[in-house]
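Q: To start, I am sharing the structure in question, which I have written as C-alpha coordinates.
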Amino acid sequence: MTKVLITGITGQDGAFLADQLLAKGYEVVGTTRRGSTPKMGRLDRLGITHKLKFVSMELTEFSNVINVLRAEKPDYIYNLGAQSFVLDSFEHPHLTSEINYHGYLNILEAIKIQGLDCSVYQASTSEMYGDVLSDPQNEDTPFNPMSPYAVSKAAAHYLGRNYRAAYGIKASNGILFNHESELRGREFVTRKITSQLAILLEQQGEAVKLGNLDSVRDWGYAPDYVAGMILINEAKVASDYVIATNTVSTVRNFFKSSAIAAGFSPVFDGEGINERCICKKSSKVLCEVDEKYFRPSDVNYLRGDYSKIERELGWSPTVSLEEMTEKMMASDIDWVKKGYPPSF
Ligand code: NAP
Ligand code: G4F
(Lines give C-alpha, C1' and ligand atoms only; values in the text may rest on other atoms or scores of the structure.)
(Ligands and ions follow the chains in the order given, each with its own letter.)
Protein backbone atom coordinates (compact mmCIF):
# COMPACT_ATOMS: atom_id res chain seq x y z
CA MET A 1 0.00 0.00 0.00
CA THR A 2 1.24 3.51 -0.82
CA LYS A 3 2.43 5.21 2.37
CA VAL A 4 2.42 8.98 2.90
CA LEU A 5 3.94 11.01 5.72
CA ILE A 6 2.53 14.50 6.40
CA THR A 7 4.18 17.06 8.68
CA GLY A 8 1.69 19.69 9.86
CA ILE A 9 -1.26 17.28 9.61
CA THR A 10 -3.16 19.16 12.34
CA GLY A 11 -3.19 22.41 10.30
CA GLN A 12 -5.69 23.51 7.64
CA ASP A 13 -3.88 21.98 4.64
CA GLY A 14 -2.71 18.88 6.50
CA ALA A 15 -6.29 17.97 7.41
CA PHE A 16 -7.64 18.36 3.85
CA LEU A 17 -4.61 16.55 2.43
CA ALA A 18 -5.01 13.60 4.78
CA ASP A 19 -8.69 13.39 3.81
CA GLN A 20 -7.93 13.38 0.06
CA LEU A 21 -5.10 10.84 0.40
CA LEU A 22 -7.25 8.46 2.50
CA ALA A 23 -9.87 8.69 -0.26
CA LYS A 24 -7.18 7.44 -2.70
CA GLY A 25 -6.69 4.37 -0.49
CA TYR A 26 -3.26 5.42 0.86
CA GLU A 27 -1.92 4.76 4.35
CA VAL A 28 -1.49 8.18 5.97
CA VAL A 29 0.95 8.86 8.80
CA GLY A 30 0.80 12.29 10.42
CA THR A 31 3.53 13.81 12.56
CA THR A 32 2.49 15.71 15.66
CA ARG A 33 4.55 17.62 18.17
CA ARG A 34 4.38 17.59 21.91
CA GLY A 35 1.74 19.82 23.50
CA SER A 36 -0.45 19.77 26.58
CA THR A 37 -3.58 19.00 24.49
CA PRO A 38 -3.62 17.24 21.10
CA LYS A 39 -4.86 19.62 18.35
CA MET A 40 -7.14 17.20 16.52
CA GLY A 41 -10.04 19.67 15.96
CA ARG A 42 -9.78 19.84 12.16
CA LEU A 43 -9.21 16.09 11.71
CA ASP A 44 -12.17 15.41 14.02
CA ARG A 45 -14.31 17.83 12.03
CA LEU A 46 -13.51 15.85 8.84
CA GLY A 47 -14.22 12.59 10.73
CA ILE A 48 -10.84 11.03 9.86
CA THR A 49 -8.81 11.03 13.11
CA HIS A 50 -9.37 7.31 13.72
CA LYS A 51 -8.16 6.42 10.19
CA LEU A 52 -4.72 7.97 10.67
CA LYS A 53 -1.49 6.84 12.30
CA PHE A 54 0.28 9.50 14.38
CA VAL A 55 3.97 9.68 15.21
CA SER A 56 5.63 12.27 17.39
CA MET A 57 8.12 14.38 15.41
CA GLU A 58 9.64 17.78 16.11
CA LEU A 59 10.94 19.14 12.81
CA THR A 60 13.84 20.95 14.47
CA GLU A 61 15.30 17.75 16.08
CA PHE A 62 17.45 16.04 13.45
CA SER A 63 17.74 12.73 15.33
CA ASN A 64 13.96 12.66 15.73
CA VAL A 65 13.40 13.33 12.00
CA ILE A 66 15.94 10.72 10.85
CA ASN A 67 14.51 8.07 13.21
CA VAL A 68 10.92 8.69 12.08
CA LEU A 69 11.80 8.52 8.38
CA ARG A 70 13.90 5.37 8.97
CA ALA A 71 11.01 3.67 10.77
CA GLU A 72 8.20 4.78 8.42
CA LYS A 73 9.93 4.67 4.97
CA PRO A 74 7.14 6.65 3.25
CA ASP A 75 6.66 6.71 -0.53
CA TYR A 76 5.63 10.38 -0.36
CA ILE A 77 6.40 13.12 2.15
CA TYR A 78 4.50 16.43 2.41
CA ASN A 79 6.34 19.00 4.50
CA LEU A 80 3.54 21.33 5.63
CA GLY A 81 4.73 21.84 9.22
CA ALA A 82 5.70 25.48 9.74
CA GLN A 83 5.50 28.62 11.81
CA SER A 84 3.05 29.92 9.21
CA PHE A 85 1.89 33.27 10.62
CA VAL A 86 3.73 36.16 8.93
CA LEU A 87 3.13 38.76 11.68
CA ASP A 88 4.49 36.36 14.32
CA SER A 89 7.71 35.89 12.32
CA PHE A 90 8.72 39.50 13.11
CA GLU A 91 8.49 38.64 16.84
CA HIS A 92 10.08 35.18 16.50
CA PRO A 93 12.52 35.29 13.56
CA HIS A 94 14.88 32.62 14.98
CA LEU A 95 12.11 30.16 15.76
CA THR A 96 10.55 30.76 12.35
CA SER A 97 13.84 30.08 10.60
CA GLU A 98 14.55 26.99 12.76
CA ILE A 99 11.21 25.37 11.90
CA ASN A 100 10.71 26.57 8.32
CA TYR A 101 14.27 26.31 6.99
CA HIS A 102 16.23 23.95 9.27
CA GLY A 103 13.18 21.71 9.60
CA TYR A 104 13.18 21.11 5.85
CA LEU A 105 16.98 20.76 5.83
CA ASN A 106 16.55 17.95 8.41
CA ILE A 107 14.08 16.15 6.16
CA LEU A 108 16.26 16.46 3.05
CA GLU A 109 19.37 15.34 4.93
CA ALA A 110 17.49 12.35 6.38
CA ILE A 111 16.41 11.34 2.86
CA LYS A 112 19.94 11.82 1.48
CA ILE A 113 21.84 10.03 4.24
CA GLN A 114 19.52 7.01 4.24
CA GLY A 115 19.11 6.93 0.45
CA LEU A 116 15.32 6.85 0.86
CA ASP A 117 13.34 6.29 -2.33
CA CYS A 118 10.56 8.84 -1.90
CA SER A 119 9.16 12.07 -3.33
CA VAL A 120 8.99 15.13 -1.11
CA TYR A 121 6.71 18.17 -1.41
CA GLN A 122 7.72 21.47 0.19
CA ALA A 123 5.09 24.09 1.09
CA SER A 124 6.58 27.17 -0.58
CA THR A 125 4.59 30.39 -0.63
CA SER A 126 3.63 33.46 -2.64
CA GLU A 127 4.97 35.53 0.30
CA MET A 128 8.41 34.88 -1.25
CA TYR A 129 7.50 37.35 -4.05
CA GLY A 130 7.10 40.04 -1.38
CA ASP A 131 7.25 43.51 -2.90
CA VAL A 132 6.48 42.05 -6.32
CA LEU A 133 8.91 42.63 -9.19
CA SER A 134 6.41 41.75 -11.96
CA ASP A 135 2.73 40.96 -12.34
CA PRO A 136 1.28 38.34 -12.32
CA GLN A 137 3.83 36.20 -10.50
CA ASN A 138 4.94 32.85 -11.97
CA GLU A 139 7.71 30.29 -11.38
CA ASP A 140 10.29 32.61 -13.03
CA THR A 141 9.41 35.77 -11.09
CA PRO A 142 12.31 36.78 -8.80
CA PHE A 143 11.64 36.70 -5.07
CA ASN A 144 11.73 39.89 -2.99
CA PRO A 145 10.71 38.70 0.50
CA MET A 146 9.37 41.21 3.05
CA SER A 147 9.29 39.21 6.32
CA PRO A 148 11.43 36.71 8.26
CA TYR A 149 8.73 34.14 7.36
CA ALA A 150 9.15 34.79 3.63
CA VAL A 151 12.97 34.70 3.90
CA SER A 152 12.85 31.35 5.73
CA LYS A 153 10.53 29.89 3.08
CA ALA A 154 12.66 31.24 0.21
CA ALA A 155 15.74 29.60 1.76
CA ALA A 156 13.91 26.26 2.07
CA HIS A 157 12.68 26.60 -1.53
CA TYR A 158 16.23 27.03 -2.85
CA LEU A 159 17.45 24.18 -0.64
CA GLY A 160 14.93 21.81 -2.26
CA ARG A 161 16.06 22.89 -5.72
CA ASN A 162 19.69 22.37 -4.69
CA TYR A 163 19.12 18.83 -3.30
CA ARG A 164 17.24 18.00 -6.51
CA ALA A 165 20.15 19.19 -8.68
CA ALA A 166 23.00 17.93 -6.49
CA TYR A 167 21.69 14.55 -5.27
CA GLY A 168 18.79 13.73 -7.62
CA ILE A 169 16.27 13.82 -4.74
CA LYS A 170 12.69 14.04 -6.03
CA ALA A 171 11.95 17.33 -4.25
CA SER A 172 9.16 19.59 -5.55
CA ASN A 173 8.07 23.04 -4.43
CA GLY A 174 4.43 24.16 -4.57
CA ILE A 175 4.37 27.98 -4.57
CA LEU A 176 0.89 28.40 -3.17
CA PHE A 177 -0.93 31.71 -3.03
CA ASN A 178 -3.22 32.36 -0.06
CA HIS A 179 -5.84 29.66 0.36
CA GLU A 180 -8.61 29.68 2.89
CA SER A 181 -11.52 27.54 4.07
CA GLU A 182 -13.85 26.72 6.92
CA LEU A 183 -10.80 25.14 8.62
CA ARG A 184 -8.49 28.18 8.27
CA GLY A 185 -6.76 29.36 11.47
CA ARG A 186 -8.67 32.25 13.07
CA GLU A 187 -5.63 34.55 13.18
CA PHE A 188 -5.47 34.79 9.35
CA VAL A 189 -7.48 37.71 8.00
CA THR A 190 -10.25 35.87 6.10
CA ARG A 191 -11.26 33.53 8.93
CA LYS A 192 -10.71 36.30 11.50
CA ILE A 193 -13.33 38.27 9.56
CA THR A 194 -15.88 35.47 9.07
CA SER A 195 -15.58 34.08 12.62
CA GLN A 196 -15.80 37.51 14.28
CA LEU A 197 -18.68 38.66 12.04
CA ALA A 198 -20.58 35.48 13.02
CA ILE A 199 -20.07 36.32 16.72
CA LEU A 200 -21.15 39.92 16.07
CA LEU A 201 -24.30 38.68 14.33
CA GLU A 202 -25.30 35.99 16.81
CA GLN A 203 -23.97 37.27 20.13
CA GLN A 204 -23.56 41.07 19.75
CA GLY A 205 -19.74 40.83 19.81
CA GLU A 206 -17.38 43.79 19.31
CA ALA A 207 -16.43 45.41 15.97
CA VAL A 208 -13.70 43.48 14.13
CA LYS A 209 -10.32 45.23 14.52
CA LEU A 210 -8.21 45.04 11.36
CA GLY A 211 -4.92 46.38 9.97
CA ASN A 212 -4.10 47.05 6.29
CA LEU A 213 -7.48 47.12 4.49
CA ASP A 214 -5.84 48.00 1.15
CA SER A 215 -3.80 44.81 1.01
CA VAL A 216 -4.54 42.79 -2.16
CA ARG A 217 -4.46 39.00 -2.20
CA ASP A 218 -5.16 36.20 -4.69
CA TRP A 219 -7.34 34.01 -2.44
CA GLY A 220 -8.32 30.44 -3.41
CA TYR A 221 -10.09 27.52 -1.72
CA ALA A 222 -7.83 25.18 0.29
CA PRO A 223 -9.28 21.79 -0.84
CA ASP A 224 -8.64 22.81 -4.48
CA TYR A 225 -5.03 23.70 -3.63
CA VAL A 226 -4.44 20.46 -1.73
CA ALA A 227 -5.56 18.52 -4.83
CA GLY A 228 -2.84 20.47 -6.69
CA MET A 229 -0.22 19.47 -4.08
CA ILE A 230 -0.94 15.79 -4.76
CA LEU A 231 -0.54 16.31 -8.53
CA ILE A 232 2.81 18.03 -7.93
CA ASN A 233 4.21 15.37 -5.59
CA GLU A 234 3.05 12.51 -7.84
CA ALA A 235 4.27 14.07 -11.11
CA LYS A 236 6.88 12.00 -13.01
CA VAL A 237 9.44 14.81 -12.85
CA ALA A 238 10.05 16.93 -9.73
CA SER A 239 9.61 20.65 -10.38
CA ASP A 240 8.27 23.94 -8.98
CA TYR A 241 4.66 25.02 -9.59
CA VAL A 242 2.54 28.06 -8.77
CA ILE A 243 -1.01 27.38 -7.53
CA ALA A 244 -3.29 30.44 -7.62
CA THR A 245 -6.54 31.77 -9.12
CA ASN A 246 -5.14 34.80 -11.02
CA THR A 247 -7.95 36.94 -9.52
CA VAL A 248 -7.55 39.50 -6.73
CA SER A 249 -9.46 41.29 -3.99
CA THR A 250 -8.62 43.73 -1.19
CA VAL A 251 -9.09 42.92 2.49
CA ARG A 252 -11.76 45.68 2.49
CA ASN A 253 -13.71 43.91 -0.31
CA PHE A 254 -13.42 40.54 1.41
CA PHE A 255 -14.84 42.12 4.56
CA LYS A 256 -17.71 43.70 2.60
CA SER A 257 -18.66 40.43 0.82
CA SER A 258 -18.52 38.49 4.11
CA ALA A 259 -20.70 41.08 5.88
CA ILE A 260 -23.25 40.93 3.03
CA ALA A 261 -23.20 37.10 3.19
CA ALA A 262 -23.96 37.40 6.94
CA GLY A 263 -26.98 39.64 6.21
CA PHE A 264 -25.45 43.03 7.18
CA SER A 265 -25.56 46.16 4.94
CA PRO A 266 -21.90 47.28 5.17
CA VAL A 267 -20.78 50.82 4.27
CA PHE A 268 -17.19 52.03 4.74
CA ASP A 269 -16.44 55.62 5.77
CA GLY A 270 -13.42 57.61 7.04
CA GLU A 271 -9.79 57.30 5.97
CA GLY A 272 -6.57 55.70 7.19
CA ILE A 273 -6.61 54.86 10.88
CA ASN A 274 -10.12 56.43 11.15
CA GLU A 275 -11.69 54.21 8.51
CA ARG A 276 -14.53 52.01 9.73
CA CYS A 277 -17.46 49.99 8.41
CA ILE A 278 -21.02 50.51 9.61
CA CYS A 279 -24.16 48.47 8.97
CA LYS A 280 -26.64 50.81 7.24
CA LYS A 281 -29.64 48.89 8.63
CA SER A 282 -28.67 48.58 12.31
CA SER A 283 -26.03 51.38 12.64
CA LYS A 284 -23.80 48.75 14.27
CA VAL A 285 -20.03 49.35 13.84
CA LEU A 286 -18.80 46.23 12.05
CA CYS A 287 -15.10 46.99 11.71
CA GLU A 288 -12.46 49.50 12.81
CA VAL A 289 -8.79 49.95 11.98
CA ASP A 290 -6.29 49.13 14.74
CA GLU A 291 -2.58 49.95 14.32
CA LYS A 292 -1.70 46.80 16.26
CA TYR A 293 -2.38 44.71 13.15
CA PHE A 294 -0.06 46.61 10.80
CA ARG A 295 3.22 44.82 9.97
CA PRO A 296 6.70 46.39 10.04
CA SER A 297 6.77 45.63 6.29
CA ASP A 298 3.79 44.15 4.47
CA VAL A 299 3.18 42.48 1.13
CA ASN A 300 0.65 44.79 -0.49
CA TYR A 301 -0.18 42.93 -3.69
CA LEU A 302 -0.10 39.32 -4.95
CA ARG A 303 -1.60 37.73 -8.08
CA GLY A 304 -0.53 34.32 -9.32
CA ASP A 305 -0.19 32.91 -12.82
CA TYR A 306 -1.06 29.19 -12.60
CA SER A 307 -0.63 28.43 -16.32
CA LYS A 308 2.32 25.99 -15.82
CA ILE A 309 0.41 23.60 -13.57
CA GLU A 310 -2.69 23.92 -15.77
CA ARG A 311 -0.68 23.06 -18.87
CA GLU A 312 1.52 20.29 -17.42
CA LEU A 313 -0.65 18.66 -14.74
CA GLY A 314 -4.20 19.73 -15.68
CA TRP A 315 -4.95 21.70 -12.48
CA SER A 316 -7.23 24.75 -12.29
CA PRO A 317 -9.31 26.26 -9.45
CA THR A 318 -12.94 25.16 -9.12
CA VAL A 319 -14.28 27.39 -6.32
CA SER A 320 -14.61 31.17 -6.81
CA LEU A 321 -13.83 33.74 -4.10
CA GLU A 322 -17.57 34.54 -3.83
CA GLU A 323 -18.46 30.85 -3.30
CA MET A 324 -15.67 30.43 -0.77
CA THR A 325 -16.72 33.54 1.18
CA GLU A 326 -20.29 32.24 1.41
CA LYS A 327 -19.12 28.78 2.55
CA MET A 328 -16.86 30.26 5.26
CA MET A 329 -19.50 32.71 6.49
CA ALA A 330 -22.22 30.02 6.64
CA SER A 331 -19.89 27.63 8.46
CA ASP A 332 -18.95 30.24 11.10
CA ILE A 333 -22.58 31.28 11.68
CA ASP A 334 -23.42 27.60 12.18
CA TRP A 335 -20.40 27.21 14.49
CA VAL A 336 -21.50 30.13 16.71
CA LYS A 337 -25.18 29.03 16.74
CA LYS A 338 -24.20 25.54 17.90
CA GLY A 339 -21.84 26.95 20.54
CA TYR A 340 -18.91 24.81 19.38
CA PRO A 341 -15.78 25.24 21.50
CA PRO A 342 -13.18 27.15 19.43
CA SER A 343 -10.88 24.16 18.85
CA PHE A 344 -9.58 25.69 15.60
P1 NAP B 1 -1.34 25.99 9.65
O2 NAP B 1 -2.81 25.77 9.66
O3 NAP B 1 -0.77 27.12 10.42
O4 NAP B 1 -0.63 24.61 10.13
C5 NAP B 1 0.73 24.57 10.43
C6 NAP B 1 1.09 23.16 10.90
O7 NAP B 1 2.49 23.12 11.21
C8 NAP B 1 0.35 22.71 12.17
O9 NAP B 1 -0.03 21.37 12.02
C10 NAP B 1 1.42 22.83 13.24
O11 NAP B 1 1.26 21.93 14.32
C12 NAP B 1 2.67 22.43 12.45
N13 NAP B 1 3.93 22.84 13.09
C14 NAP B 1 4.24 24.06 13.59
N15 NAP B 1 5.46 24.03 14.14
C16 NAP B 1 5.95 22.76 14.01
C17 NAP B 1 7.16 22.11 14.40
N18 NAP B 1 8.12 22.76 15.04
N19 NAP B 1 7.32 20.79 14.10
C20 NAP B 1 6.34 20.13 13.46
N21 NAP B 1 5.15 20.69 13.06
C22 NAP B 1 4.96 22.00 13.34
O23 NAP B 1 -0.82 26.17 8.15
P24 NAP B 1 -1.57 25.84 6.75
O25 NAP B 1 -2.35 27.03 6.35
O26 NAP B 1 -2.19 24.51 6.82
O27 NAP B 1 -0.31 25.80 5.76
C28 NAP B 1 0.42 24.61 5.55
C29 NAP B 1 1.79 24.94 5.01
O30 NAP B 1 1.67 25.68 3.78
C31 NAP B 1 2.65 25.82 5.92
O32 NAP B 1 3.99 25.41 5.74
C33 NAP B 1 2.47 27.23 5.36
O34 NAP B 1 3.60 28.01 5.67
C35 NAP B 1 2.36 26.93 3.88
N36 NAP B 1 1.55 27.86 3.07
C37 NAP B 1 0.27 28.16 3.45
C38 NAP B 1 -0.50 28.99 2.64
C39 NAP B 1 -1.92 29.34 3.00
O40 NAP B 1 -2.45 30.30 2.43
N41 NAP B 1 -2.58 28.57 3.87
C42 NAP B 1 0.04 29.50 1.43
C43 NAP B 1 1.36 29.15 1.09
C44 NAP B 1 2.10 28.31 1.90
P45 NAP B 1 0.44 22.31 15.67
O46 NAP B 1 -0.99 21.95 15.38
O47 NAP B 1 1.08 21.46 16.69
O48 NAP B 1 0.61 23.78 15.90
O1 G4F C 1 -4.34 36.49 6.24
P2 G4F C 1 -2.94 36.97 6.41
O3 G4F C 1 -2.37 36.94 7.78
O4 G4F C 1 -2.07 36.15 5.36
P5 G4F C 1 -0.61 36.38 4.77
O6 G4F C 1 0.21 37.27 5.61
O7 G4F C 1 -0.77 36.75 3.34
O8 G4F C 1 0.01 34.92 4.90
C9 G4F C 1 -0.73 33.74 4.59
O10 G4F C 1 -0.62 33.46 3.22
C11 G4F C 1 0.73 33.16 2.79
C12 G4F C 1 0.66 32.92 1.28
O13 G4F C 1 0.91 34.13 0.60
C14 G4F C 1 1.22 31.94 3.55
F15 G4F C 1 2.48 31.63 3.14
C16 G4F C 1 1.22 32.23 5.05
O17 G4F C 1 1.60 31.05 5.76
C18 G4F C 1 -0.21 32.60 5.46
O19 G4F C 1 -1.04 31.47 5.30
O20 G4F C 1 -2.83 38.48 5.89
C21 G4F C 1 -3.24 38.85 4.59
C22 G4F C 1 -3.18 40.37 4.45
C23 G4F C 1 -1.86 40.99 4.94
O24 G4F C 1 -1.45 41.99 4.04
C25 G4F C 1 -2.22 41.64 6.27
O26 G4F C 1 -1.44 42.78 6.59
O27 G4F C 1 -4.21 40.93 5.29
C28 G4F C 1 -3.67 42.03 6.01
N29 G4F C 1 -4.44 42.22 7.24
C30 G4F C 1 -5.18 43.33 7.51
N31 G4F C 1 -5.71 43.24 8.73
C32 G4F C 1 -4.52 41.40 8.29
C33 G4F C 1 -5.32 42.04 9.24
N34 G4F C 1 -3.99 40.16 8.51
C35 G4F C 1 -4.28 39.55 9.68
N36 G4F C 1 -3.79 38.30 9.88
N37 G4F C 1 -5.04 40.16 10.65
C38 G4F C 1 -5.57 41.40 10.48
O39 G4F C 1 -6.27 41.93 11.36
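The values are calculated or read from the model by the stated rules, or taken from the named source; none is laboratory data. Being a predicted model, the structure only gives us computed values, none of them experimental. Because the Cβ atoms are built from the backbone with ideal geometry, glycine has one as well, and the counts that use them run over all protein chains shown. Surface accessibility is based on the protein's heavy atoms, side chains included, excluding ligands, DNA and RNA. Shrake-Rupley method; radii C 1.70, N 1.55, O 1.52, S 1.80 Å.
Q: Helix 62-72 versus the longest principal axis of the chain: what angle, 0 to 90°, nearest 10, using Cα atoms?
A: The angle comes out at about 70 degrees.
Q: For segment 62-183, with equal point scatterers placed on the C-alpha atoms only and solvent neglected, what are the log10 I(q)/I(0) values from the Debye formula at q = 0.16 1/Å, to two decimals?
A: Values, matching the q order: -0.79.
Q: Give me the orientation-averaged projected area of the Cα convex hull of the chain, in nm², one decimal.
A: 16.9 nm²
Q: While we're looking at this one, here's another question. How much area per residue is accessible in segment 299-344 when the probe is 1.4 Å and only protein heavy atoms are counted (Å²)?
A: Using a 1.4 Å probe on heavy atoms only, each residue of segment 299-344 averages 54 Å².
Q: If you don't mind, there's one more thing I want to ask. Using 1/(1 + (r/R0)^6) with R0 = 51 angstrom and r between the beta carbons of M1 and E91, what's the FRET efficiency to the nearest 0.05?
A: 0.75
Q: In degrees from 0 to 90, rounded to the nearest 10, what is the angle of the helix 12-23 Cα long axis to the longest principal axis of the chain?
A: Roughly 60 degrees, rounded to the nearest 10.
Q: How much accessible area per residue does segment 213-288 have, counting only protein heavy atoms and a probe of 1.4 Å, in square angstrom?
A: Averaged over the residues of segment 213-288, the accessible area is 39 Å².
Q: For the chain, with all protein chains present and a 1.4 Å probe, just round the carbon and sulfur fraction of the accessible area to a whole percent.
A: 48 percent
Q: Is segment 133-175 best put as rounded, prolate or oblate by its Cα gyration tensor, with a ≥ b ≥ c the root eigenvalues, rounded for a/c under 1.5, and otherwise prolate when a/b is larger than b/c, oblate when not?
A: In terms of gyration-tensor shape, oblate.
Q: Over 19 Å between Cα atoms, which of K112/K170; K53/K170; K39/K170 qualify?
A: Over 19 Å apart, Cα to Cα: K53/K170; K39/K170.
Q: Continuing with the same structure: May I have the pair-distance distribution P(r) for segment 278-344, computed from all Cα-Cα distances with 5 Å bins from 0 and rounded to whole percent?
A: Result returned by the calculation: 3, 10, 9, 11, 19, 19, 14, 9, 5, 1, 0.
Q: Report the Cα centroid-to-centroid distance between segment 183-259 and segment 295-319 in angstrom, as an integer.
A: So the two Cα centres are separated by 13 Å.
Q: Pop a pseudo-label 7 angstrom from the Cα along the beta-carbon direction at both E323 and S297 and give the gap in nm to one decimal.
A: Result: 3.8 nm between the two label points.
Q: Okay, moving on. Angle, helix 321-338 long axis vs. longest principal axis of the chain, Cα atoms, 0 to 90°, nearest 10?
A: 80 degrees
Q: While we're looking at this one, here's another question. Can you list the lysines whose alpha carbon is less than 16 Å from that of K284, not counting same-chain residues fewer than 8 positions off?
A: Output for K284: K209, K256.
Q: Shifting gears a bit: Roughly how far apart, in whole Å, are the Cα centres of segment 12-41 and segment 94-152?
A: Here the answer is 21 Å between Cα centres.
Q: Let me check the size of segment 73-141 from its C-alpha atoms; what are the radius of gyration and Dmax in Å?
A: Spelled out, the Cα radius of gyration and Dmax of segment 73-141 are 14.7, 41 Å.
Q: Continuing with this model, one more query. Counting each DSSP H run of 4 or more residues in the chain as -39500 (n - 2.57), what helix-only mean residue ellipticity at 222 nm follows after dividing by all residues, to the nearest 500 deg cm²/dmol?
A: -12000 deg cm²/dmol
Q: If you wrap a convex hull around the alpha carbons of segment 203-344, what volume per residue comes out, as a whole number of Å³?
A: Per residue, the Cα convex hull of segment 203-344 comes to 146 Å³.
Q: Same structure, new question: Could you compute the FRET efficiency for D131 and R311, with r as their C-beta to C-beta distance and R0 at 30 Å, rounded to 0.05?
A: My answer for the efficiency is 0.60.
Q: With a probe of 1.4 Å, find how much accessible area segment 117-156 has per residue, and write the answer as a whole number in Å².
A: I get 33 Å² per residue for this part.
Q: How much length is gained if the chain between H50 and Q203 is pulled fully straight, taking 0.36 nm per residue apart and subtracting their Cα-Cα distance, in nm to one decimal?
A: Taking 0.36 nm per residue and subtracting the Cα distance, the gain is 51.7 nm.
Q: Quick one: grab the alpha carbon gyration tensor of segment 19-71, order the square roots of its eigenvalues as a ≥ b ≥ c, and give me rounded if a/c is under 1.5, else prolate or oblate depending on whether a/b is larger than b/c.
A: Oblate, because a/c is 1.5 or more while a/b does not exceed b/c.
Q: Please list, in chain and number order, the residues 5+ apart from I9 or on another chain whose amide H is under 5 Å from its amide H, with Hs placed from the backbone.
A: T31
Q: Oh, and also: Quick check: net charge around P148, other residues with Cβ under 14 Å of its Cβ, Lys/Arg +1 and Asp/Glu -1?
A: Spelling it out: positives minus negatives among the neighbours equals -3.
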